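The values are calculated or read from the model by the stated rules, or taken from the named source; none is laboratory data. Predicted model only: the values in this text are computed from it and were never measured. Here Cβ is always computed from backbone atoms with ideal geometry, including for glycine, and neighbour counts include all displayed protein chains.
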Ligand code: G3P
Ligand code: CA
């Protein structure tokens, strides 16, 4: 009787275990990509929108100064103008950051270039606007490639319709930036299209991939995951769920993936994330992050 039960139990457990063993055997970690190989030492200091907390976001002014500050990478967002030129802006409209109004995709590049992209930046709740009238304009992505020819970049595709994937892929290829950029997007279909049309360029995980990995990690099944993306670029928490936990970081590293967290401006949180091994911090305040790293280097030496 007992032996019959044990045989049955063995049968029930055996099949799932066999399936798990096969899934683990066929799974592979993220294949090595030149983008990762070329990166400087970790942790990566990544200026979010070029350092939106210290300069007008997504402008050449900000991105150049972030580079001078010594960041390892810049993050920027892109849309296309009415005449199909890729411009570096976060929102679909120009209202929040410039002195204009309306949709980017309904304005030509010439029209966008008349706007003051430093107009609305303030760090004292609107008492002063130090970048107004300083000649800061909306940059094209091409101008940013020309201005920062060596800088690794996270390029976030904000515009889903009409697709800007071909225009972006063409620009990356024309400037030979295939090994220097990683593409992210909140639009799942856009990232899928990017991987199809521009397979040599690295991408980060889309929302569904993050959800899947969180579930696999909860079930201790991440060894079956073969990643298409090279990195998770994620907030520390979302929908009341803590995403960047020590176990999430460990499992992602086991699958050959990096973790870059956004948007972290508080030095205490930066310190915690470094302590659990995140690879990069995307911050509006790269100055604070750099100071923190210098302080902890001094403390380690002392
Ligand atoms: O890199 C991702 C992060 O930039 C997403 O947030 O809204 O600033 O584009 P957002
Ligand atoms: Ca972004």
Item to check | Residue, farthest from residue 280 (Cα to Cα), within the stretch 70-82, restricted to residues that are touching a helix residue (DSSP H, G or I) at 6+ places or on another chain (Cβ under 6 Å) and more than 16 Å from ligand 2 (Cβ to nearest atom) | outcome: 82
Next on the checklist: Just the residues that are surrounded by fewer than 14 Cβ atoms within 10 Å (Cβ to Cβ) and not in a loop (DSSP other than H, G, I, E, B), please, taken from the stretch 213-226.
Outcome noted: 215, 218
Checklist entry - Any residue at all in the stretch 108-126 that is touching a strand residue (DSSP E or B) at 6+ places or on another chain (Cβ under 6 Å) and in a loop (DSSP other than H, G, I, E, B)? => result no
Next on the checklist: Being under 29 Å from residue 292 (Cα atoms), in a loop (DSSP other than H, G, I, E, B) and either within 16 Å of ligand 1 (Cβ to nearest atom) or modelled with pLDDT under 95 (or both) is the filter here; which residues of the stretch 69-96 pass it?
Outcome noted: 71, 72, 89, 90
Item to check | Single unsatisfied condition, residue 51 versus (1) without any contact (Cβ under 8 Å) to a residue 40 or more places away in the chain; (2) in contact with a helix residue (DSSP H, G or I) (Cβ under 7 Å, 6 or more places away or on another chain) | outcome: (1)
Item to check | Per-region count, the stretch 180-200, residues surrounded by fewer than 17 Cβ atoms within 10 Å (Cβ to Cβ), away from ligand 2 (no atom under 16 Å from the Cβ) and part of a loop (DSSP other than H, G, I, E, B) | outcome: 2
Next on the checklist: Pairs please, first residue from the stretch 153-164 and over 25 Å from residue 39 (Cα atoms), second anywhere and within 15 Å of ligand 2 (Cβ to nearest atom), Cβ atoms under 6 Å, 6+ apart in sequence or on different chains.
Outcome noted: 159/79; 160/187; 160/190
Next on the checklist: Could you check the stretch 215-269 and list, in sequence order, the residues that are farther than 21 Å from residue 152 by Cα, within 13 Å of ligand 1 (Cβ to nearest atom) and in contact (Cβ under 8 Å) with a residue 60 or more places away in the chain?
Outcome noted: none
Checklist entry - Quick one: in the stretch 41-57, which of the residues that are in a loop (DSSP other than H, G, I, E, B) and under 23 Å from residue 254 (Cβ atoms) is farthest from ligand 1 (Cβ to nearest atom)? => result 41
